[in-house]
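Here, each number is a calculation from the coordinates, and none is a lab measurement. Everything quoted here is computed from the prediction, not taken from an experiment. Heads up, the Cβs are rebuilt from the backbone with ideal geometry, glycines too, and the neighbour counts pull from every protein chain shown.
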Amino acid sequence: MQPVLRTEHVTMRFGGVMAVGDLNIELFPHEIVAIIGPNGAGKTTAFNLITGVYVPTEGKVFFAPGGEGGKLVDITGKKADAITRMGMARTFQNIRLFKSQTVYENILIGQHLHVKAGLFASVSGIARKEEQEMRRRADELLELLGLSRVRDELCTSLPYGLQRRLEIARALATNPTLLLLDEPAAGMNPQETVELTAFIHDVKEQFNLTVLMIEHHMDLVMDISDRIYVLDFGQTIAAGTPAEIQNNDRVIEAYLGGNTDA
Amino acid sequence: MKNEIKGAREKREFVLSVISLLLMAALVAMAQFDLLPIVGKYEKQVLNLCAIYTILGLSMNLVNGFTGLFSLGQAGFMAIGAYTTSLLIMAPETKDRVFYLEPIHPFVGALQAPFWVALLLSGLLAAVVAFFIGFPVLRLRGDYLAIATLGFAEIIRIIFLNTQTVTNGSMGIKAIPPTANLFWCFGAAALMVLFMLRLIHSTYGRAFKAIRDDEIAAEAMGINLFRHKMYAFILSAFMAGVGGGLMASVVSAITPNLFRFTLAYDILLIVVLGGMGSITGTVVAAFVITIAKEWLRWLDAGFTAGPLKVPEIPGLRMVVFSVLLMCIILFYRQGFFGSKEFSWKGLAALPKNLGIKIRRLFSRDKKEAA
Ligand SMILES: Nc1ncnc2c1ncn2[C@@H]1O[C@H](COP(=O)(O)OP(=O)(O)O)[C@@H](O)[C@H]1O
Ligand SMILES: [Mg+2]
């Protein structure tokens, strides 16, 4: 099978610090893959390298814009917005919602990249059809993800768990084939984490996605991941199925020997 | 049920707004035809400036308030508009008379256009210049952008100062036809308000606000930052250009020194007082500031307050305004409206809210004293 994402020898140095070294990961359609590792291991940096926030010091990133069956293209050095338009969407470790906007408006902004109408067509009302379609889709998405009740609330007034959910909903509004989640369960209690696990699983099925996820909650990771990559000090120290990872000596050492912030 | 109540409320807001707008339009028309005894020639001039500053305030609010870019280049775009309009609406003979030191370039001297075409071209020319300036400066962030835009505004002014055969250099242009009356100024301002309202509620307006709220998240949503900043910058320059054109016709004489970068602070004062990201706030503040500035002219002329004798100090007025700007930024950062818009419901609730605010102020004092 063709992968939908591949990184080849991706390396990122910040001054003398090698945040990510020789990262080689592959994602296949409809997988849920997790990246785990202690704090500062380079997980978020890896996300930033894949999504175009950073340009790798070395190495290349390939992505299949069409999703399953699409041809891999080199996206190294492409801008973040261009990569999102190819079908890759993400959430952030520290929630980054549009804080002056309502829940509904956050979703609408997520759809802006698909707008065909130019500025004047949009302002004059010539493109009213497209705007109506956007609004209809936003409502549909909110309904589907259980956010209809808070549709017109300011996004920052939502409880933490719902803000995380909204950030995922906003990413889905861009119509991605690959979804990257940076610590979606951070700050959640066990009950909320269980709910989120089910939520991610449902979303993946409903939207026909491939998911790459950074997570610390081991229950969640072991429960829904098909495969896991383990990072420590920027290096990939292990890769495999949840069962393989659980019995891997180096992983146990990294987690028990290093600082376990999970 | 809930939706019905909401619908009824929206309808009431709409009806009240339409009625008051019609009322205002009628008042403007009466003022123009000298049917209002309190509005003489001088008052008309002040009202014209109010409308023009509304346009300039909106122009700056679009970039600074809605898109979150710290741009201070307004004066440059206004200058482009002011000179374009002046040269297009003046009769060739008048231009020959004004350019007595060094004759006007024959091509520019022969150019002529109706007022509305001149205003449109003023806006378009400012927009074109903004497009080219935008390439280098819109890649900058925060303070750097402010400095770069200020710099470009100064460059435009210096160019105008030195292109004698087109701008008449430091002597400026006089005898600009006073075509801009209340209809023109209020008409243009109304169009700009309408455009802004529609823009901000369109998908592009939402994208601008997304960039203001969080650039990284906006980019992650597939929004091309540079392109959208450019849209805002160009539209803002267009408005400033039109505002400059109207201004030239209202004040009838312009020199490059009229467009020093300090002009940006006057406009910034309006935007901040009205509320960054509030269209109605800008409109209200433009009127308040412009009228206050005229009213405070007695400060410059010297005055006696009881035993205190203040001599004539030109510019004292502006000192007062600078202090005002500082006070707003320090203590009243939200301005009149914050990023909200005027609503009749809000107006009705104003006495109650003010009461709550004042009571809170006093109760806090008591607590601190205790
Ligand atoms: N923009 C940056 N500049 C300098 N150093 C950075 C930057 N981003 C991350 N780092 C460093 O890279 C390392 C990995 O960070 P990060 O990817 O955030 O780790 P994780 O997400 O696994 O906790 C850390 O040592 C961090 O300090
Ligand atoms: Mg991280």
At 20 °C and 1.002 mPa s, the Stokes-Einstein diffusion coefficient in µm²/s for the range B:49-287, with hydrodynamic radius from the Kirkwood sum on alpha carbon pairs, is 121
Connecting every pair of Cα atoms under 10 Å apart in chain A and solving the GNM, the largest mean-square fluctuation among A:228, A:214, A:245 falls on A:245
Toy charge model, Lys and Arg Cβ at +1, Asp and Glu Cβ at -1: the range B:49-287 dipole around Cα centroid in debye, rounded to 20, equals 200
Applied in sequence order to the range A:78-84, the curve 6.51 cos²θ - 1.76 cosθ + 1.60 (Karplus, θ = phi - 60°) yields integer Hz couplings, x standing for Gly and Pro, of 6, 6, 4, 5, 5, 5, 4
What the 10 Å binned alpha carbon P(r) of the range B:154-273 shows, as percent of pairs per bin from 0, is 11, 31, 32, 19, 7, 0
Toy charge model, Lys and Arg Cβ at +1, Asp and Glu Cβ at -1: chain A dipole around Cα centroid in debye, rounded to 20, equals 1100
One would report the Cα pair-distance distribution of the protein assembly as shown, bin width 20 Å, in %, as 17, 42, 29, 12, 1
Mean-square fluctuation maximum in Gaussian network of chain B, Cα pairs under 10 Å, restricted to B:267, B:55, B:356, hits B:356
Counting only residues 5 or more apart in sequence or on a different chain, those whose built amide H sits under 5 Å from that of residue A:37 are A:231
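Using a Förster distance of 25 angstrom, determine the FRET efficiency expected from the C-beta separation of residue B:333 and residue B:140, and round it to 0.05. Intermediate results must be reported in sequence, preceding the final value.
Numbers: r = 24 Å, r/R0 = 0.96.
Calculated transfer efficiency: 0.55.
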If each part is reduced to its alpha-carbon centroid, the range B:136-194 and the range A:49-93 end up apart, in Å, by 42
The size of the Cβ-based charge dipole (Lys, Arg +1; Asp, Glu -1) of the range A:128-262 about the Cα centre, to the nearest 20 debye, is 540
Whole-percent tail of the Cα-Cα distance distribution for the range B:128-189, cut at 12 Å, equals 76
Here P(r) for chain A, Cα-Cα distances in 10 Å bins, as whole percents, is 7, 29, 35, 21, 6, 1, 0
In chain A, taking the dipole from +1 charges on Lys and Arg beta carbons and -1 charges on Asp and Glu beta carbons about the Cα centre, the listed residue (A:77, A:18, A:221) farthest towards the positive end is A:77
What helix-only [θ] at 222 nm does chain A give? Using -39500 (n - 2.57) per DSSP H run of at least 4, over all residues, to the nearest 500, the answer is -10500 deg cm²/dmol
Filtering chain B for DSSP H helices with an axial alpha carbon extent of at least 18 Å and a Kyte-Doolittle mean of at least -0.5 returns B:2-32, B:41-60, B:74-89, B:115-137, B:142-162, B:182-200, B:225-251, B:262-274, B:279-295, B:316-331
Of B:60, B:230, B:221, the most mobile residue in a GNM of chain B (C-alpha springs, cutoff 10 Å) is B:221
Quick shape check on the range B:1-86: root eigenvalues a ≥ b ≥ c of the Cα gyration tensor, a/c under 1.5 is rounded, otherwise prolate if a/b tops b/c, else oblate, and it reads oblate
Note, residue B:53: beta-carbon cut-off 10 Å, +1 each Lys/Arg, -1 each Asp/Glu, net 0
Quick note, the range A:97-174: a/c under 1.5 would make it rounded; otherwise a/b > b/c is prolate and the rest oblate (a ≥ b ≥ c, C-alpha gyration tensor); here it is prolate
